[in-house]
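Student: Please see the structure below; I have some questions.
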Amino acid sequence: MSTLQEKLTQLQQKGSQDIKAASDLKQLNDIRVKLLGKKGPITEVLRGMRDLTKEERPAVGSFANKVRDALAEVVDQKKAELEQAKIEQQLATETIDVTLPGDQPKIGAHHVISQVIEQLEDTFLGMGFKVVYGYEVEEEKYNFEMLNMPKDHPARDMQDTFYITKDVLMRTHMSPDEARELEKHDFSQGPLKMVSPGRVYRRDTDDATHSHQFFQMEGQYIGKNVTMADLKGTLEFAIRQIFGEEREIRFRPSYFPFTEPSVEVDISCFKCNGKGCDVCKHTGWIEVLGAGMTHPNVLKAAGVDPEIYGGFAFGLGIDRFAMLKYGIDDIRNFYQNDVRFLTQFEKRG
Amino acid sequence: MKVSYNWLKDYIDLDVTPEELANKITLTGIEVEDTFHPDAGLKKIVVGYVVSTKPHPNSDHLQLCQVDLGASDPVQIVCGAPNVAAGQKVIVALPGSRIANNEKIKKGKMRGEVSNGMICALQEIGFSTDVAPQAYADGIYVLPADAKVGAPVYPYLGMDDAILDLAITPNRADAQSMRGVAYEVGAVYAKKPHFDVAKPVETAKPVTDVLQASVAAEKDAPSYNLRVIENVKIQPSPLWLQIRLWNAGIRPINNVVDVTNYVMLDYGQPMHAFDYDKIGSKEILVRRATEGEALTTLDGNEHELSADDIVISNGTKAINLAGVMGGLDSEITDQTTTVVLEAAIFDPMHIRKSAQRYNLRSEASSRFEKGINKGTVLTALDHAASLIADFSDGDVLAGILSPTKIVPAATVVEVSQERINHVLGMQISAAEITKIFKRLAFGVSEMNGQFKASVPTHRWDISIPADLIEEVARLYGYDKMPTTLPASASTPGILTPQQRRVRQMAQLLEASGLNQAISYALTTSEKASQFTLIPAATTSVAWPMTVDHAVLRMNLVSGLLDNLAYNIARKQVNVALYEQGRVFLKQDAKTTRPEEVEYVAGAVTGDWQAKTWNQAAKPVDFYQIKGIVAALLNQFNLKATVTYHATATRAEMHPGRTADIYVGDQLVGFVGQIHPQVEKVYRIKPTYVFQLNLTALLTLEKQAVVYQAISKYPVITRDVALLVASDVTNQAITDAIFAKGGAHLKNVTLFDSYTGSKIEKGKKSLAYTLTYQNPGATLTDDEVNTAFAKVEKTLVEQIGAVIR
Ligand SMILES: [Zn+2]
């Protein structure tokens, strides 16, 4: 082995040590320039090849190139190492507390009354009913007369009415819409299936359980072969959508001027499952709606032949539904719009 | 209607508990609201015999009573009642007993004397003051002499009974009588009720000797019947009858008045008793009152009658408001010796009106209003006369005066088995239907499934086939009704496009941070008329409950401001609300029905963005609200252009911070800050609001959605900074830019706005980015430069801008 080769070998060893000892990229670069640069020792060795024989030159030359390549690789390795360390160091300084709260966009709440209305609408839309809204200021004719409540009918006492004039009033229930739709409907196009949710008014003093304004939904299904068993099935389907699959319903005889037979509809208590609790006043049942088979006089008043067509109607209090569902104890909450109340129902469903 | 379980058992054999009975009645026909046991909660209350009394040495009103309680020697009980006396059987609450209101009685000393319990008044063991007999109102109650000393007191007072409180619907007035309830219970349990009837023993003297009766208009009193009873002695009724009255909530008075009440409870037939000697004539005439005719009713109130009132007169003056309340002058008193007893049917509508007019709703008027069993008017009269004669030693004169009367007849109603099952969706057999009608005590005949039901007079609510169908359904049992879904053709169940758009709008407003509010539509006259979009006349209710809810709103903003005030008063100062609902607009005061228009409005106060660790607080300003309105309007995809016009003319709005909103040339709403003086009145902080006519937005013409390919050619932008006079609007500048912008100007965006110390007073600096694009080719700089130069020129010449 020539002395040049020995010198190169020493250079390689010493160089590798120096490179590995570099503490930052600048130092590494300085070492690289010093070792591998034009004025560096390897270049110098190659320059010394002039003194070698022609036969010796290729071997030494190739050895020198190998040494240079090897050192360059060590430099590259070290560079990658140092760069990685530098990034890691930088990232360490960038670390944040990910448990600090995020900037949440402010999302408003849908009023709980609207949520209940939409849930009911969607349930009945799914069964092929349409949704109508009607008038809040109604004619007495539609609010009473056409619903089998002629003047001086005792049932009118059941509803304390805000009159505007002798013949115009604030609707006391959502039934006027049913009469209007019944009057308009073309039965050659199929049965009439509708629900009508909206605001109604009664002459009541506002307190925890009474409100001069509240929301109701009524619905009707009038066709050629609509039975009371269909009423039971339809309501059972709707109740289960809203209060859960395991709910049972029962009919109790009742009285409404616009239906006969008339029933109150109870559902098995969703809180105690029928065992008895405060919500159901220890009966296991909760009264949620009124219903019945549309009275022949109502059909006749709307120009529909009760011998051919018939069906059912039902009505429920939206406020009461919401109060039952969420255990709300004061009806005034719905209309005072305290944001601490409204936002409790932000999560829909 | 309070139904005594014990009384009911006289008419029908029952082997169920009162609670079971109540539940069964509720499920088959009439809701029982409550089942009440009068002795519930009472303990150790027994019959005592007062052996002797002597005054308490340390008191001027207490007595020391030696009371025999049946067990050992008499015990001493201190009693303060003025009527306590030796020889009485009394109610004694023993030491350790419980009396009304869960009060516990202990052995104790009163002013140094031992008292082994308490001698009780009826009120102290749970009787209502309205029901306890007047004679014992201020003292202890005295039990009948045959009461067994030491035995529980409850059976002697009817307190071992159970009272079922029935909620009677207008169609079931037949159950406003014990006999009616017995028929109903009989139908429910398939048992036949049994009733006693009583015919009075008449004297030879005919009634016509002492009295004549006539009815002016048969329609007012289609059945009017009188009996006369002479030589009566007014005294307390027998205890059994008193018990029946007080358990029904009626105070016993005397043997005549009590019988009228008892027969009313029994038959549902109101009765009236007149003192014959005080009628002032030998004549009874049923007629209409003359307008303004005077009558003092039993309660001592004087009335000026209306010509719509039916009255009983003595031929010259009114002595009784028919069916509603008797007159004070002819009232039964302790001195009465001859009684005129009336059983009638009056026209329900007139009774109802009279009761309402004088606010005199009574047990009697309520029954006349809802209906009377035509079949028992005379039976009830006879029964009452017989009882009065019995209890008062009176003589019933021969015959009944009946100037009008109704011949009772059953109503025949027909219905087919097929119809019943068609309506109910059930398969009830003809035999089953027959059985149900029989349980109801209806006569029934059937031929090939066609039923003829002969409905007795006690069920006057039944007149059409639907009535019979209901009877079958409830007595067959709704629990046996299957659940099915209608078999008819399917129908599409979809929201209308407008209904869908309103739901989308709600989502947009909520995603924008506004909470949905629902306010009262009835408000004060002042608030109803504020913030109106267009002038309109108010709609008021005729008899409001309060002035706060008297007039229908014509805007949604005032309700939202009330809501903000409510929140602010409760320390919720950052509030963002919106409401969607109707306003009620009348064209003029003469119109009776307002137009109902859907509006949507929003109101925001306080910080739009609350301060957090990461963000500074951002108080609400005009542009945030305007941004929400713009997003909302954008969602409606309107064909005409939306423009904002400064307005200083809205009285409740800030004159410098309010814009009217137009779609094309139609005014659809406004946005801006509430006038600071109005904010003060509402007690709210600076508040920004918007209000839009939603009905208009829903009906205005929409823009067609047309797809455009995304251009592959690049856009070129140019920025321009302008110095303009302060009153030059953004609208004027962008209008000018677009006017001269050329075919390829796509967009103009304001990116900076400055007023302040760095520029001349009275000026402001605005900077815009103009974006150019040719969808068909690459634009050259030269093309853009030429177009941009035209814009700069017009800004200088038209707007007076200095380009910076
Ligand atoms: Zn329960």
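Throughout, read-outs are computed from the coordinates displayed, never taken from laboratory work. All figures in this text were calculated on a predicted structure; none of them were measured in a lab. Note: ideal-geometry Cβ built from the backbone for every residue, glycine included; neighbour counts use all protein chains shown.
Student: Ratio of Rg to Rh for the stretch B:411-478, alpha carbon only, Kirkwood? Working shown, then result.
Tutor: Details: Rg = 10.6 Å, Rh = 11.6 Å.
Taking Rh as the inverse mean 1/r over Cα pairs, Rg/Rh reads 0.91.
Student: Could you work out [θ]222 nm for chain B from helices alone, using -39500 (n - 2.57) per DSSP H run of at least four and dividing by all its residues? Round to the nearest 500 deg cm²/dmol.
Tutor: Dividing the helical sum by the residues of chain B leaves -7500 deg cm²/dmol.
Student: Using all Cα-Cα distances in the stretch A:216-312, what percent lands in each 10 angstrom bin from 0 up to the longest?
Tutor: Values per bin, smallest distances first: 16, 42, 28, 11, 3.
Student: Order these peptides, B:283-292, B:368-377, B:118-127, by their mean beta-carbon neighbour count within 10 angstrom, highest first.
Tutor: B:368-377, B:118-127, B:283-292
Student: Under 14 Å from a point placed 7 Å out from the Cα of B:ALA537 along the Cα-to-Cβ direction: which residues of the stretch B:567-594 have their backbone N that close?
Tutor: Only B:585-594 fall inside the zone, counting backbone N under 14 Å.
Student: How big is Rg to Rh over chain A, alpha-carbon atoms, Rh as the Kirkwood inverse-mean-distance radius?
Tutor: Working: Rg = 43.8 Å, Rh = 27.1 Å.
Using Cα coordinates only, the ratio equals 1.61.
Student: Could you list A:CYS280, A:CYS272, B:CYS65 in order of exposure, starting from the residue whose Cβ has the fewest other Cβ atoms within 10 Å? Please report the intermediate quantities before stating the final value.
Tutor: Details: A:CYS280 22, A:CYS272 14, B:CYS65 28.
Ascending number of Cβ neighbours within 10 Å: A:CYS272, A:CYS280, B:CYS65.
Student: What's the magnitude of the charge dipole for the protein assembly as shown around its Cα centre, counting Lys and Arg as +1 and Asp and Glu as -1 at the beta-carbon? Answer in Debye, nearest 20.
Tutor: It works out to roughly 4920 debye.
Student: For chain A, modelled as a Gaussian network with Cα springs under 10 Å, which listed residue fluctuates most, A:THR53, A:THR172, A:THR123?
Tutor: A:THR53
Student: Separate question: Once you place label points 7 Å from the Cα toward the Cβ at B:LYS680 and B:SER711, how far apart are they in nm?
Tutor: 5.4 nm
Student: Here's another thing I want to ask about it. Counting only DSSP beta bridges with both residues in the protein assembly as shown, what percent are antiparallel, rounded to the nearest 5? List each step's numbers first, then the result.
Tutor: On the way: 180 of 190 bridges.
Around 95 percent antiparallel, to the nearest 5.
Student: Moving on to the next point. Could you work out how far apart the two model spin labels at B:GLU797 and B:GLU595 are, taking each label as a point 7 Å from the Cα in the direction of the beta carbon, and quote it in nm?
Tutor: Distance between label points: 4.5 nm.
Student: Report the convex hull volume per residue for chain B, counting only C-alpha atoms, in Å³.
Tutor: Output value, Cα hull per residue: 297 Å³.
Student: Rg and Dmax of the protein assembly as shown over Cα atoms: what are they, in angstrom?
Tutor: My reading of the Cα-based Rg and Dmax gives 45.4, 175 Å.
Student: What average number of partner chain Cβ atoms lie no more than 10 Å from the Cβ of the residues making up A:330-336?
Tutor: Values: counts 0, 0, 0, 0, 2, 9, 9.
Rounded to a whole number, the mean comes out at 3.
Student: OK, next. Specify the inter-centroid distance of the stretch B:560-587 and the stretch A:1-78, based on alpha-carbon positions, in whole Å.
Tutor: If you average the Cα positions of each part, the centres end up 84 Å apart.
Student: Show me the trypsin sites (Lys or Arg not before Pro) within the stretch B:636-694 that DSSP assigns to loop and that have at most 16 other Cβ atoms within 10 Å of their Cβ.
Tutor: Here the trypsin sites (Lys or Arg not before Pro) that fit, given the DSSP loop and packing criteria, are B:LYS639, B:ARG683.
Student: Could I ask something else about it? Using all alpha carbons of the stretch B:43-157, what is the percent of pairwise distances in each 5 Å bin, ordered from the shortest bin to the longest?
Tutor: Values per bin, smallest distances first: 2, 13, 24, 26, 22, 10, 3, 0.
Student: State to the nearest 20 debye the size of the charge dipole of chain A about its Cα centre, where the only charges are +1 on K and R beta carbons and -1 on D and E beta carbons. Please list the in-between numbers first.
Tutor: Details: 46 positive and 55 negative charges, 496 e Å.
Taking the Cα centre of chain A as origin, the dipole is about 2380 debye.
Student: Which whole number gives the average count of other chain Cβ atoms within 10 Å of the Cβ atoms across peptide B:466-474?
Tutor: If you average over the peptide's residues, the count of other-chain Cβ atoms is 5.
Student: Beyond 30 Å, how much of the Cα-Cα pair distribution for the stretch B:202-404 remains, as a whole percent?
Tutor: Here the tail beyond 30 Å accounts for 12 percent of pairs.
Student: At 7 Å along Cα-to-Cβ for each site, give me the label-to-label distance between B:PHE751 and B:ALA216 in nm.
Tutor: 9.4 nm
Student: Enter the per residue convex hull volume of the stretch A:176-259, computed from alpha-carbon coordinates, in Å³ rounded to the nearest integer.
Tutor: Numbers: hull volume 12.6 nm³, N = 84.
For the stretch A:176-259, the hull spanned by Cα atoms encloses 150 Å³ per residue.
Student: Around B:VAL728, what is the net charge, scoring Lys/Arg as +1 and Asp/Glu as -1 over all other residues with Cβ under 14 Å from its Cβ?
Tutor: -2
Student: Nearest 0.05, what FRET efficiency do B:GLN134 and B:HIS194 give at R0 = 45 Å with Cβ-Cβ as r?
Tutor: Rounded to the nearest 0.05, the efficiency is 0.80.
Student: Calculate the dipole size of the stretch B:231-387 relative to its Cα centre from +1 charges on Lys and Arg beta carbons and -1 charges on Asp and Glu beta carbons; express the result in debye to the nearest 20.
Tutor: 420 debye
Student: Which of B:LYS763/B:LYS793; B:LYS317/B:LYS374; A:LYS130/A:LYS224; B:LYS571/B:LYS611; B:LYS44/B:LYS107 have a Cα-Cα distance over 21 Å?
Tutor: Beyond 21 Å between Cα atoms: B:LYS317/B:LYS374.
Student: So the label point goes 7 Å from the Cα of B:LEU495 along Cα→C-beta, right? Which residues of the stretch B:561-586 then have their backbone N under 18 Å from it?
Tutor: B:578-582
Student: Also, quick follow-up: Tell me which chymotrypsin sites (Phe, Trp or Tyr not before Pro) from the stretch A:256-349 have a DSSP coil assignment and no more than 13 other beta carbons within 10 Å of their own.
Tutor: Taking the stretch A:256-349 and a limit of 13 other Cβ atoms within 10 Å, no loop chymotrypsin sites (Phe, Trp or Tyr not before Pro) are found.
Student: Determine, for A:SER62, B:SER115, the number of other Cβ atoms within 10 Å of each Cβ, and report the residues in order from fewest to most.
Tutor: A:SER62, B:SER115
Student: A further question follows. Ranked by Cβ crowding within 10 angstrom, fewest neighbours first, how are A:LYS78, B:LYS438 ordered?
Tutor: Fewest-to-most Cβ neighbours within 10 Å comes out as B:LYS438, A:LYS78.
Student: So which chymotrypsin sites (Phe, Trp or Tyr not before Pro) in the stretch B:639-733 pass both tests, a DSSP loop state and at most 12 other Cβ atoms within 10 Å of the Cβ? Could you put the intermediate results ahead of the total?
Tutor: On the way: sites: B:TYR644, B:TYR662, B:PHE670, B:TYR682, B:TYR688, B:PHE690, B:TYR707; in loops: B:TYR707.
Here the sparse-neighbourhood loop sites are B:TYR707.
Student: Something else: Can you divide the C-alpha Rg of the stretch B:628-773 by 2.2 N^0.38 Å and report the result to two decimal places?
Tutor: Dividing the Cα Rg of the stretch B:628-773 by 2.2 N^0.38 Å gives 1.28.
Student: Let me ask something else. Tally Lys/Arg at +1 and Asp/Glu at -1 over every other residue whose Cβ is under 11 Å from the Cβ of A:VAL298; what's the total?
Tutor: -3
Student: Shifting gears a bit: Round to the nearest 10 and give me the degree value, 0 to 90, for the angle of helix B:557-569's Cα axis relative to the longest principal axis of chain B.
Tutor: 80 degrees
Student: Further question: What number comes out for the charge environment of B:LEU328, summing +1 per Lys or Arg and -1 per Asp or Glu over other residues with Cβ under 13 Å away? Write out the running numbers ahead of the final one.
Tutor: On the way: positive: B:LYS278, B:LYS317; negative: B:ASP275, B:ASP299, B:GLU302, B:ASP329, B:GLU331.
In short, -3.
Student: With a Förster radius of 41 Å, plug the Cβ-Cβ distance of B:ALA410 and B:GLN335 into 1/(1 + (r/R0)^6) and report the FRET value to the nearest 0.05.
Tutor: 0.35
Student: So what's the angle, to the nearest 10 degrees on a 0 to 90 scale, between helix B:730-740 and the longest Cα principal axis of chain B?
Tutor: 50 degrees
Student: Using a Förster distance of 56 Å, how high is the FRET efficiency between B:ILE464 and B:LYS106, based on the Cβ-Cβ distance and rounded to 0.05? Spell out each step's value before the answer.
Tutor: On the way: r = 64 Å, r/R0 = 1.14.
Given R0 = 56 Å and the Cβ-Cβ separation, E is 0.30.
Student: Shielding by partners for A:12-20, please: the mean number of other protein chain Cβ atoms within 10 Å of each residue's Cβ. List each step's numbers first, then the result.
Tutor: On the way: counts 0, 0, 0, 0, 0, 0, 0, 0, 0.
Average neighbour count from other chains, rounded to a whole number: 0.
Student: Starting from the Cα-Cα distance between B:LYS435 and B:ALA725, subtract it from 0.36 nm times their residue separation and give me the gain in nm to one decimal.
Tutor: Residue separation times 0.36 nm, minus the Cα-Cα distance, leaves 94.8 nm.
Student: For helix B:497-511, report the angle its Cα long axis makes with the longest principal axis of the Cα atoms of chain B; keep it between 0 and 90° and round to the nearest 10°.
Tutor: For helix B:497-511, the angle is close to 80 degrees.
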